[in-house]
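Colleague: Pasting a structure below so you can have a look.
The values are calculated or read from the model by the stated rules, or taken from the named source; none is laboratory data. Here the structure is a predicted model, which means the values were calculated and not measured. Cβ atoms come from the backbone with ideal geometry, glycine included; neighbour counts cover every protein chain shown. Keep in mind that these areas ignore ligands, DNA and RNA; they rest on the heavy atoms of the full protein, side chains included. Shrake-Rupley method; radii C 1.70, N 1.55, O 1.52, S 1.80 Å.
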Amino acid sequence: MQKLKAQLQSTLGDSYTLERELGGGGMSRVFLAEETSLGRKVVVKVLPPDLAAAVNLERFRREIQLSARLQHPHIIPVLAAGVSDGLPYYTMPFIEGESLRARLSRSGELPVHDAVRVLRDILSALSYAHAQGVVHRDIKPDNILFTGQHAVVADFGVAKAISASTNPGSSLTSLGVALGTPAYMAPEQAAADPNADHRADLYAVGAVAYEMLTGQPMFSARSPQAMLAAHVTEKPEPIDRRRASVPPMLAALIMRSLEKHAADRPQSAGEMLALLDAAVTPSGATAPTTALPATPRTAAGARRWLIAGAFVSAVLLAGAYGLSQRRDVRSEPAEASMDEVASLAVLPFENLGRDEDGYFADGMTEEISSRLGTLAGLRVIGRQSVRGYANSTKSAQQIGKELGVAYILTGSVRWDRSTGTSRVRVSPALLKVADGSQIWSEPYEDVVKGVFDIQSTVAERVANALQLKLSSRESQNLAAKPTENVEAYDLYLRGQALANGWVGKDYIKAAQFFEKATELDPRFALAFAALSIAHVESIWFTGDIDIDGKRLAKAKAAVDRANALSPNNPRVHTALANYHYHGKLDFATALEEVGIALRLQPSNAGAHLVKARIERRLGKVDDALATYRRQLEFDPHSSGRVELCETLRMAGQPKESLSCIDAVIEREPANWLGYQNGVSTAIIGFGDLKLAMKYLAAARARVPAEQIAGNLASMNSGVWPAVLDSGILAIAQAAPVPTDISPRMDYYATRAMAGWVLDKPDEVRSASRQFLAEWGKTGGRQLPPNSYLRGWAAMAFAFLGQKAPAVALANEWMAQSPIERDAVDAGFVQAYAAFILMLVGEHDDAIALLEKAVNLRIPITRAQLRVEPMWNSLRTNPRFQRLVNGT
């Protein structure tokens with residue numbers, strides 16, 4: 001070994017430093033080395049002398065060159081090749097993960113879903129390689145390695161290269177070297193049939209699958225010669241006899257791939273992959289779900305939208321709007337169709353580095369998607385819809401069908417920090433949905449500073465592969481660098497991970513990262529835009545009580561700086577729209593800004609979503625419906641679907657709203673949001689308490705308790721009719737008191753309203769006093785501009801019989817939400833104020849407010865007034881009766 005190592009080192013010179021021998025098989029000796037110029041680990045494989053003597057070196061070199069052309073995420077590429085004193089060698093990247101052989105030796109049979117994932121990766125690699133005319137001929141567990149959660153295939157075409165370059169008259173078998181491995185060789189290989197083709201690889205895949213699912217090779221405990229004979233003459237024991245839990249369709253596919261005659265097997269890797277997908281769908285077997293787990297909603301984040309439906313189930317519903325703005329809600333694909341343009345989904349790139357570097361892979365995906373989204377001839381699916389496919393085992397055809405796209409871009413990212421110079425490797429692959437074929441793949445590696453060049457290159461190559469004609473401006477957009485400061489960019493990505501909820505949503509902490517990024521690069525426009533959004537949303541969503549308006553002032557300064565640096569950037573104008581929308585409640589100006597963003601980038605799904613929300617606020621419900629449908633063309637599984645359902649109800653179309661909601665629930669049965677909207681529509685649209693209780697019972701059976709508690713803890717009046725369900729009431733009562741002041745106030749207001757609905761006066765008074773104690777702590781600090789805390793304070797005073805402060809605060813609250821400014825809030829606020837006036841005995845004034853509220857386009861309806869228990873004190877009032885009856 002030392003002699004071979006010294007000889008090889010002499011040939012390699014200073015380019016590589018051999019470290020140690022890793023082992024090898026009959027066809028190669030394997031060494032670990034460092035490629036000195038790039039500081040990376042590689043594997044050097046060299047043919048042993050007895051095998052090298054039997055091959056034509058030039059022919060072997062040509063065959064290896066064919067393999068070196070393969071570029072695929074699940075194929076370990078050949079990096080270089082040469083000859084060392086008559087011994088051919090080639091180099092490949094070093095994969096730190098274990099081999100399938102090691103995993104089988106350690107664990108035995110694999111779980112079915114793990115085995116399916118491995119098979120899918122192998123078949124994806126084979127489909128691509130066979131299309132390039134390269135057959136592996138030695139598929140076996142030793143040549144399948146794991147990197148992250150995926151499998152990659154090594155030594156593509158090496159057995160074929162040896163076979164094709166064998167000198168006439170030599171006998172490789174006499175040298176003790178099989179062109180393949182006996183346990184996995186197709187009958188035609190075992191019989192040395194010169195006409196053996198790519199279908200031999202499919203037999204080997206079946207043999208590997210058999211071993212993964214049973215823990216043993218098909219014909220184990222035999223000599224190599226006996227094993228070869230068995231492949232030719234014996235039928236393997238049916239796999240489901242060895243392991244009954246293997247789904248029938250999967251077992252049948254594996255046994256079909258092991259047929260003796262190649263014509264009886266699947267005829268291509270693509271066909272076998274499609275059959276595998278069919279075998280592991282819910283109708284054929286059991287597949288692991290790819291849906292993201294529902295994220296519990298915090299009391300802080302939910303605050304202002306719960307109320308939107310006020311004490312009525314409207315609040316139980318209104319929470320939907322705000323919640324939908326800050327979470328991903330997957331739903332059915334949009335029914336509307338785009339113009340005939342190329343369509344693409346950029347799936348989350350897999351992080352092959354450290355777990356804590358996941359934000360970097362997410363950021364890489366986001367940036368490439370954003371660059372491609374600027375192209376006029378390409379429809380790129382939005383972030384919310386594709387996030388659900390992270391680590392998905394679904395095929396390209398399945399995902400493409402669900403998202404309604406023709407192409408999928410997938411890949412992996414590895415950030416190697418092990419050397420003095422950190423390096424990033426990105427391995428993208430562009431797949432055609434129609435047949436799952438790969439139409440482009442090319443790995444890139446560079447120092448971290450070169451990451452922007454990688455992003456722009458990948459985007460450009462995708463555009464070229466799709467044959468898009470780019471304008472000069474589009475080419476400039478693809479090549480643009482957001483910053484020259486790598487450290488600032490890293491901080492920006494960390495902030496985005498927090499702001500977008502990739503690692504847990506935290507706007508305040510995200511703002512700290514963005515601020516540091518702008519300090520390092522005062523010309524980083526996107527970081528300033530993101531900083532503004534984080535400041536505004538920390539007020540709007542997390543209940544941060546802005547002391548003296550300082551946070552909002554910081555948001556304004558940041559977005560102004562972003563606009564000065566990059567006035568034609570759609571993301572900057574979206575940030576400006578967000579500032580005017582959530583920061584100043586200036587919906588008209590916000591609509592102008594989002595209009596600019598969409599003129600700059602018509603395919604911006606996020607901007608369309610903001611536009612629809614603003615249109616709703618302005619009472620332009622029909623415009624909002626059209627915009628939501630347009631947004632869903634770009635982001636079909638986004639929160640826009642749930643908001644569309646809600647807007648249909650606001651437009652006086654409750655039947656259509658329920659159909660929309662039922663489709664959302666069918667797609668995501670473990671998400672509270674769909675059921676919450678079902679309850680709201682049942683009450684607001686139909687006054688149907690029985691239907692509402694059915695939605696609640698279904699939610700209790702399917703939604704995690706912590707998610708229910710996270711919603712109800714801040715729902716205030718919307719606890720009706722939820723508290724009438726004993727199971728949900730128990731969950732709500734077990735919820736802990738929040739630690740932050742604003743959500744804690746919501747919590748006590750919720751308990752007060754629940755006590756009122758359940759006729760528990762002691763609970764009402766106790767919770768009201770606790771609320772007002774917290775209210776006193778706010779002092780002179782400025783409340784968020786759309787805060788409902790004034791309304792809750794008015795309610796608490798009313799519950800305690802303190803009429804003067806209750807009426808004063810209710811009037812002040814209504815003045816904050818005039819119908820001219822905010823069509824969404826105005827009706828709910830007026831109805832809630834009516835409830836407060838009713839509590840203090842001002843029944844005529846209360847009914848007068850309700851009469852105004854029911855006539856608004858976004859309504860408090862007569863149907864809900866008929867069933868809501870909050871109005872029981874008015875039931876005998878003739879004027880209320882006329883209102884309810886519409887007379």
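Colleague: Stretch S10-Q267 to full length: gain in nm at 0.36 nm per residue minus the Cα-Cα span?
Modeller: Length difference between fully extended and current span is 87.9 nm.
Colleague: Moving to a separate point now. Restricting to Cα pairs below 8 Å that are 6+ residues apart, what does the relative contact order work out to for the range 385-426? Please round to a whole percent.
Modeller: For the range 385-426, the relative contact order is 24 percent.
Colleague: So how much slack lies between S659 and A480, counting 0.36 nm per residue of separation and subtracting their Cα-Cα distance, in nm?
Modeller: Details: separation 179, 0.36 × 179 = 64.44 nm, distance 4.42 nm.
Working it through step by step, the gained length comes to 60.0 nm.
Colleague: Something else: Please state the shape class of the range 464-573: rounded when a/c is under 1.5, otherwise prolate if a/b exceeds b/c and oblate if not, all from the C-alpha gyration tensor.
Modeller: The shape class here is prolate.
Colleague: Once the piece of chain linking Q802 and H113 is laid out straight, how much longer is it, given 0.36 nm per residue of separation minus the C-alpha distance between them? The partial results should precede the final answer.
Modeller: On the way: separation 689, 0.36 × 689 = 248.04 nm, distance 6.26 nm.
So the chain would gain 241.8 nm between Q802 and H113.
Colleague: Give me, ordered by chain and number, the residues 5 or more places off I75 or on other chains with an amide H under 5 Å from its own placed amide H.
Modeller: V153
Colleague: While we're looking at this one, here's another question. Please report the projected area of the range 549-629's Cα convex hull averaged over all directions, in nm².
Modeller: About 4.9 nm², averaged over all directions.
Colleague: Leaving out ligands, DNA and RNA, what percent of the accessible area of the range 561-696 is carbon and sulfur, probe 1.4 Å?
Modeller: For the range 561-696, the apolar C and S fraction of the accessible surface comes to 51 percent.
Colleague: Taking the Cα centre of the range 537-652 as origin, work out the dipole magnitude from +1 charges on Lys and Arg Cβ and -1 charges on Asp and Glu Cβ, in debye rounded to 20.
Modeller: Value, rounded to 20: 100 debye.
Colleague: Mind counting lysine pairs for me in the range 539-642? Cα separation below 21 Å, and the two need to be 8 or more apart along the chain or on different chains.
Modeller: Details: K550/K584; K554/K584; K556/K584; K556/K611; K584/K611; K584/K620; K611/K620.
Lysine pairs meeting both conditions in the range 539-642 amount to 7.
Colleague: Evaluate E = 1/(1 + (r/R0)^6) for A734 and L758, where r is the Cβ-Cβ distance and R0 equals 25 Å; express this FRET efficiency to the nearest 0.05.
Modeller: On the way: r = 16 Å, r/R0 = 0.63.
The value I calculate is 0.95.
Colleague: While we're looking at this one, here's another question. Which distance in nm do the two modelled labels at K550 and A670 give, with both placed 7 Å along the Cα-to-Cβ direction?
Modeller: 4.2
Colleague: Same structure, new question: For an R0 of 30 angstrom, estimate the FRET efficiency from the Cβ-Cβ distance between R879 and S726 and round to the nearest 0.05. Mind showing how you got there, number by number?
Modeller: Values: r = 36 Å, r/R0 = 1.19.
Using R0 = 30 Å, I get an efficiency of 0.25.
Colleague: Summing Lys, Arg as +1 and Asp, Glu as -1, what charge do residues with Cβ under 13 Å from the Cβ of F797 carry, F797 excluded?
Modeller: With Lys, Arg at +1 and Asp, Glu at -1, the net is +3.
Colleague: Report the label-to-label distance for A192 and M693 in nanometres (one decimal), using points 7 Å from each Cα along the Cα→Cβ vector.
Modeller: 8.1
Colleague: Same structure, new question: Would the range 422-477 count as rounded, prolate or oblate if I go by the C-alpha gyration tensor, calling it rounded below 1.5 in a/c and otherwise prolate when a/b exceeds b/c, oblate otherwise?
Modeller: Numbers: a/c = 4.00, a/b = 1.21, b/c = 3.31.
Oblate is the answer for the range 422-477, as a/c is 1.5 or above yet b/c matches or exceeds a/b.
Colleague: Further question on the same structure: Heavy atoms only, probe 1.4 angstrom, no DNA, RNA or ligands counted: give me W440, W813 ranked by accessible area, highest first.
Modeller: If we order W440, W813 from most to least accessible, we get W440, W813.
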